Structure formats: C-alpha cells, structure tokens
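For reference, the structure discussed in these notes is given below.
The values are calculated or read from the model by the stated rules, or taken from the named source; none is laboratory data. Please read all numbers here as calculations on a predicted model, not as lab measurements. Every residue, glycine as well, gets a Cβ built from its backbone with ideal geometry; the counts of neighbours run over all protein chains shown.
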Amino acid sequence: MAYTDKARLREYNREYYRTHKEARRATGRKSYEKRKEKCRDMARAYYAAHKEERRAYAAKHREEYPEETRAALRASYARHAQKRRAEARERASLPSVRQKRRKYLRSPKAKEYRYGREAKKRARAGAVVDFTAEEWEALLTEHECCAYCGQPFDLFRKPTRDHVVPLIRGGNHTKDNILPACPSCNCSKGARPVEEFREALANSA
Ligand SMILES: [Zn+2]
C-alpha cells in the first residue's frame, strides 16, 4: 500500500498507534529487554578488556573523592543490609547448617572456648592490673630466654607475658607476677601453679 499523500500517511500512522497501543508497548518492552542484555554483555566485555585500566581509574577516583566514596559505600551497605540479613537468617535456618551449629556448640572445643572466655573475664575482673610497657621492656632485658625452658627468644619464639600465679588462681597482672615465657611454655603451663609446671617440664626433659 503506497501512500503518496503525506497527510493521509500521517493520519494512518496515528490511527495505527492509537489502535495498537498495547501491542506496541509490549513490542517496545521486548526490544528493550533484548537490548538490555546486549548492552550488559557489551559493558561486561568492555570491562574485561580494560580491567586494569578501569580498576586504576576507580582507585584514583576513590582517592580523589574519599568523602563521596565513604558515603556511597555506606549507602550501598544500607541498601543491601536488609537483604543480607534475610539471607543470613535463611542460611542459618537450613537444616544442615543448624545441625552443624548444634554439633559445634556441644563439642568440647566450643565449651572450652566459652568457659575459657568467661573464666578469663572473671579472673581479669578480680586481678590487680598494674603493668606498664616499660616494666615489660625491663623484664625482657633481664630475661633473654624463656623463664621455663630456657630457650632464647627470637623471631619465631617471641616472648609472651606469663602469669606465674595464673589470673584464674588469684594472681595479679603486675610486674612481680609476670615472667617472659615462650609461647609453647605459656600455652602448656595453662592454669597450673608454677611449681607443678616446672616439675612436669623437668620430668619430660
Ligand atoms: Zn619455654
């Protein structure tokens, strides 16, 4: 159908659009969906090809606009917080995850962790805490080796603050109750009184 009369053609088109509104809208949406995918793919391909460049640019931008970057991060965090929380709740309620968690909470490891933390807290609360960094430095000059096993401290055997009378047994966090010990001795001494530990150390040697 060839329209030579422009006015008639315009009239026809207008009428067509009016009567096919919904169908045209649907077509438009479909075409947009198609384009959207393509655009996304193109953007992805571009990003992949220029990864280093884009990263450097983003880093520079973050450095140049620290305030804006922080605000954007905060906004993004807030925007996704609800979703994230919901996802975490959902994950936690999975039977397999719940079972794992129950098993862990009953395990000796979890109990030890729990009781250890609580006992430490209680012990700390009752102890005299009076120990300065200078006092620790002085102790280190005095003791170049572990106070228990006698091995010299170095990069791999760093001195730790051992409580001669453990906090849990009423010892204090003070200069006269602290000795530099290697991590191994500090750990294996645990809450034992020092004489008992020395004896055990001597017997095992
Ligand atoms: Zn030691």
Check: For residues in segment 134-168 being assigned to a loop (DSSP other than H, G, I, E, B) and among the acidic types (Asp, Glu), which is modelled with the highest pLDDT?
Finding: 144
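Do we have residue 157 as more than 36 Å from the chain's Cα centre (by Cα) and farther than 21 Å from residue 127 by Cα here?
Here the answer is no, as residue 157 does not meet what is asked.
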Margin query: Checking the structure you have, find out if any residue of segment 111-130 is under 24 Å from residue 198 (Cα atoms), β-branched (Val, Ile, Thr) and either at pLDDT below 95 or within 16 Å of the ligand (Cβ to nearest atom) (or both).
Written below: no
Notebook entry, point to check: How many of the residues in segment 130-158 are under 24 Å from residue 204 (Cβ atoms) and touching a helix residue (DSSP H, G or I) at 6+ places or on another chain (Cβ under 6 Å)?
Noted result: 3
Margin query: Among the residues of segment 181-194, what is the count of those that are within 16 Å of the ligand (Cβ to nearest atom), out of contact with any strand residue (DSSP E or B) (no Cβ under 7 Å at 6 or more places or on another chain) and not hydrophobic (A, V, I, L, M, F, W, C)?
Written below: 4
Margin query: Within segment 136-149, does at least one residue satisfy the condition of being surrounded by 14 or more Cβ atoms within 10 Å (Cβ to Cβ), small (Gly, Ala, Ser) and closer than 22 Å to residue 182 by Cβ?
Written below: yes
Next item on the list: Could you list, in sequence order, all residues of segment 43-91 that are exposed (fewer than 10 other Cβ atoms within 10 Å of the Cβ) and among the acidic types (Asp, Glu)?
Entry: 52, 63, 64, 67
Notebook entry, point to check: Which residues, taken from segment 140-165, are within 21 Å of residue 128 (Cα to Cα) and more than 16 Å from the ligand (Cβ to nearest atom)?
Noted result: 165
Next item on the list: From the list 12, 47, pick out the single residue that is of a type in the set (Phe, Trp, Tyr), more than 35 Å from the chain's Cα centre (by Cα), assigned to a helix (DSSP H, G or I) and modelled with pLDDT under 90.
Entry: 12
